[in-house]
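The structure under discussion appears below in the form of structure tokens.
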Amino acid sequence: MTVAWVKQAISEIQADFQRSADTHLIRFQLPAFPGISFYIKDESTHPSGSLKHRLARSLFLYGLCNGWIKQDTPIIEASSGSTAVSEAYFARLLGLPFIAVMPECTAKRKIEQITFYGGRCHFVPHSGLIYDEAKMLARESGGHYMDQFTYAERTTDWRGNNNIAESIFRQMANEPVSEPDYIVMSAGTGGTSATLGRYIHYKGHNTKLVVVDPEFSVFHDFYLQRDRSITSQHYSRIEGIGRPRVEPSFMADVIDEMIQVPDAASIATLSWLEPILGRRVGASTGTNMWGVLQLALRMRAEGRRGAIVTLLCDGGERYQDTYYRPEWVAENIGDLTPWLQQLDTF
Ligand SMILES: Cc1ncc(COP(=O)(O)O)c(C=O)c1O
């Protein structure tokens with residue numbers, strides 16, 4: 001019975017994949033940077049609205065193939081919200097109960113989406129508490145703790161199988177510069193940057209992987225010092241990225257460079273990007289894009305032409321009552337004016 005159910009569950013996920021399309025790679029130019037092409041991979045178009053759709057699919061397949069997820073196994077996850085939305089989607093597909101353990105400050109829209117997919121939300125005061133609480137709930141309910149922060153780097157088929165890196169390079173194939181100079185990504189679990197970095201090495205590309213990190217995250221310090229015990233008492237204000245501890249999935253050795261991005265610069269970039277893309281994006285995309293601009297400035301100063309790729313991790317509709325509300329931004333992030341002035345020069 002269980003074996004038959006697992007078989008059926010796996011084919012259900014494969015069929016869902018078959019019904020889905022790949023995400024778009026959008027190209028745009030900026031007059032301030034002649035000869036440099038910019039690309040942003042729109043991960044918001046996945047059915048569950050973010051890049052974490054890929055991870056959730058992989059985590060479920062990993063859990064099923066490992067014998068950790070069986071019929072009626074409750075699924076528990078620690079999340080800043082996006083992964084939980086995507087996992088709730090797959091839990092519903094398989095008819096499994098799902099509980100998301102998240103910080104109280106998680107965007108309202110994400111909570112609504114988890115509930116929409118039939119999931120339950122369990123809140124803790126801040127993101128440093130999500131791991132132990134999720135473990136405890138899994139123990140109490142006899143459920144499976146997905147633990148994206150440990151498994152993200154290993155559940156994805158990093159050599160290919162339509163992972164995000166393979167998809168980017170395939171979509172770049174007919175571009176004037178088909179091998180980007182840089183791919184820029186931020187880190188939450190670090191799973192996406194691990195896949196990108198490994199794939200670049202595996203295929204022998206000359207592309208450099210640059211990881212951007214928000215305030216109050218330990219990833220940048222860890223990258224420089226390689227001390228896994230570093231923690232932060234403050235929590236990232238950029239939802240989805242920046243962690244108070246060095247996550248097991250964060251693979252520092254595949255990264256060529258890291259750039260720290262002030263939170264106000266990330267949020268200022270959102271309003272600068274809106275008329276360029278014709279749409280609103282989430283805060284981590286602002287962090288990514290600020291990093292892209294720093295690299296474009298460097299390329300311009302060095303007289304280089306080429307291409308830079310980054311990710312649109314999720315859409316701005318999730319954050320209408322936070323990052324897109326000036327009063328919230330003034331209170332929680334601060335004055336954006338100096339950053340907006342810099343962006344105006346682009
Ligand atoms: C909106 C958003 N951007 C970026 C990331 C970072 O992705 P990864 O966990 O693969 O490092 C996340 C992860 O949760 C996210 O939710």
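The values are calculated or read from the model by the stated rules, or taken from the named source; none is laboratory data. Small disclaimer: the values here were computed from a predicted structure and weren't measured. So basically every Cβ, Gly included, is an ideal-geometry build from the backbone, and we count neighbours across all protein chains shown. Side chains are part of the model used for accessible areas, which takes the heavy atoms of the whole protein and leaves out ligands, DNA and RNA. Shrake-Rupley method; radii C 1.70, N 1.55, O 1.52, S 1.80 Å.
Among the listed residues Thr2, Thr45, which satisfies the condition of being at pLDDT below 95 and either among the polar types (S, T, N, Q) or assigned by TED's automatic domain parsing to the domain that holds Gly118 (or both)? Can you show your working first?
Working: Thr45 fails: at pLDDT below 95.
Just one listed residue meets the conditions, Thr2.
Among the residues of the range 306-346 satisfying the criterion of being of a type in the set (Ser, Thr, Tyr) and in a helix (DSSP H, G or I), which is surrounded by the fewest Cβ atoms within 10 Å (Cβ to Cβ)?
We begin by selecting, within the range 306-346, every residue of a type in the set (Ser, Thr, Tyr); these are 310, 319, 322-324, 337, 345.
Applying the additional criterion that residues be in a helix (DSSP H, G or I) yields 319, 337.
Values: Tyr319: 23, Thr337: 10.
The selected residue is Thr337.
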Self-check item: Only one of Val211, Val184, Val177 that is away from the ligand (no atom under 16 Å from the Cβ) and β-branched (Val, Ile, Thr)
Solution: Val177
Quiz item: For the range 64-89, how many residues are touching a residue at least 24 places away in the same chain (Cβ under 8 Å), surrounded by fewer than 24 Cβ atoms within 10 Å (Cβ to Cβ) and within 20 Å of Asn163 (Cβ to Cβ)?
Solution: 2
Quiz item: Among the numbered criteria (1) among the hydroxyl-bearing types (Ser, Thr, Tyr); (2) within 14 Å of the ligand (Cβ to nearest atom); (3) surrounded by fewer than 24 Cβ atoms within 10 Å (Cβ to Cβ), which single criterion is violated by Ser217?
Solution: (3)
Practice problem: State whether one or more residues within the range 193-206 are farther than 15 Å from Glu153 by Cα and touching a Gly at 6+ places or on another chain (Cβ under 7 Å). | Solution: no
Self-check item: Conditions (1) without any contact (Cβ under 8 Å) to a residue 60 or more places away in the chain; (2) assigned by TED's automatic domain parsing to the domain that holds Gly188; (3) among the polar types (S, T, N, Q); number of the one not met by Asn162
Solution: (1)
Quiz item: Of the numbered conditions (1) exposed (fewer than 14 other Cβ atoms within 10 Å of the Cβ); (2) assigned to a helix (DSSP H, G or I), Ala21 satisfies every one except a single condition; which is it?
Solution: (2)
Quiz item: Cβ-Cβ below 8 Å, separation at least six or inter-chain, first residue in the range 300-316 and within 19 Å of Thr345 (Cβ to Cβ), second within 16 Å of the ligand (Cβ to nearest atom): which pairs?
Solution: Ile308/Ile183; Ile308/Val184; Ile308/Val292
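Rundown of residues vs (1) open to solvent by 10 Å² or more (accessible area, probe 1.4 Å); (2) among the aliphatic types (A, V, I, L, M); (3) under 18 Å from Leu51 (Cβ atoms), yes/no style:
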{"position": "Arg245", "(1), (2), (3)": "yes, no, no"}
{"position": "Met251", "(1), (2), (3)": "yes, yes, yes"}
{"position": "Pro262", "(1), (2), (3)": "yes, no, no"}
{"position": "Ser266", "(1), (2), (3)": "no, no, yes"}
{"position": "Val281", "(1), (2), (3)": "no, yes, yes"}
{"position": "Thr287", "(1), (2), (3)": "no, no, yes"}
Quiz prompt | Test set (1) closer than 19 Å to Ser11 by Cβ; (2) aliphatic (A, V, I, L, M); (3) surrounded by 24 or more Cβ atoms within 10 Å (Cβ to Cβ) - Leu93 fails condition number | solution = (3)
